[in-house]
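The values are calculated or read from the model by the stated rules, or taken from the named source; none is laboratory data. Please read all numbers here as calculations on a predicted model, not as lab measurements. Neighbour counts run over all protein chains shown; Cβ positions are idealised from the backbone, glycine included.
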Amino acid sequence: MKVGFIGLGKMGTGMAGSLLRAGHQVTVYNRTPAKAQALVKQGASYAATVAEACRGEVVITMLADDSAVESVVFGAPGGLGDGLMGSLEKGRIHLSSSTISVALSERMTAAHAAKGQGFVSAPVFGRPEAAAAAKLFIAVAGASHEVEACQPLFEAMGQRTFRFGGNPPDATLIKLSGNFLISSVIEALSEAMALVGKAGLDQHQYLDFLTSTLFNAPVYKTYGGLIADKKFEPAGFAAPLGFKDNRLVLAAAETLRVPLPLASLIYNRFLTLLAHGGEALDWSAISQLAAEDAGQARRAA
């Protein structure tokens, strides 16, 4: 397939690379052009503008937050159609893999429909190493024929795709709820690790016990290892993104009138970490706060 790919951060670079290895014709765009060079060397075409990335059958966006997505999709204020929305031909598909607000997903669903363009929400689960290895899990929602058209792309980027019906914002909510669960595991592991650590027990031995018994799951293994090793740099998923996602899940919960007490606690954990200079750290660095509360460690400086 002819595919445009917009957003070449750690996740986007891995995803675009997987598409190239699967034989798709990929045109890449990034606000910082230098980030595209490695993919160009692998066979990608370079787009100097968003519009140039919108000439294929599907254009994928993988961007950091609502602001970045709005800028790319709707264009700069007064930009006279310089965004994706004004460049994508009727019948072509925008596949959104960014973790964004439900409200923005709803806005894009309506806007694309009004212009006769397809819109599929397909956020992904997995860290950068999973993206590079085409081992992502993909949550998808959108019109059935549009999802089917994108299936070869899902197969190239992920190990399994889960379909959640025809309403794109539903996949967005699935993604936010999933990241809430991951951050909840990080917080619970952080507190448990602080407890056994304060007692003088070996945290690595404790983690081996957990993940060899009832907690034999990737999320415990991955984040337990980062917490035990205190390995928060380079960030696989940076703390500001974790903060953003918890803010968005709380916004969705407010709209639906669903209390999320634990999400509120974690929101403040991230806010505290950022207030003390943790912007460059992995989101698992909130474990430092539990350790500090136990008198074991200092906050990020």
In the set 173, 226, 201, the lone residue that is under 26 Å from residue 265 (Cβ atoms), at pLDDT 95 or above and touching a strand residue (DSSP E or B) at 6+ places or on another chain (Cβ under 8 Å) is 226
Hits in the stretch 15-43 (condition: crowded, with 16+ Cβ neighbours inside 10 Å and closer than 21 Å to residue 151 by Cβ): 15, 16, 17, 18, 19, 20, 24, 26, 27
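Suppose the filter is in contact (Cβ under 8 Å) with a residue 24 or more places away in the chain and surrounded by fewer than 19 Cβ atoms within 10 Å (Cβ to Cβ); does residue 48 pass it? First the steps, then the outcome.
Numbers: in contact (Cβ under 8 Å) with a residue 24 or more places away in the chain: no; surrounded by fewer than 19 Cβ atoms within 10 Å (Cβ to Cβ): yes.
So residue 48 fails the test.
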Helices (runs of 4 or more DSSP H) fully within the stretch 21-117 counting 2 or more residues that are over 17 Å from the mean Cα position of the chain (by Cα) and in the same structural domain as residue 242 (by TED's automatic domain parsing): none
Name the helices (runs of 4 or more DSSP H) wholly within the stretch 231-299 that hold at least 3 residues that are under 21 Å from residue 131 (Cβ atoms) and modelled with pLDDT of 95 or more? 239-256
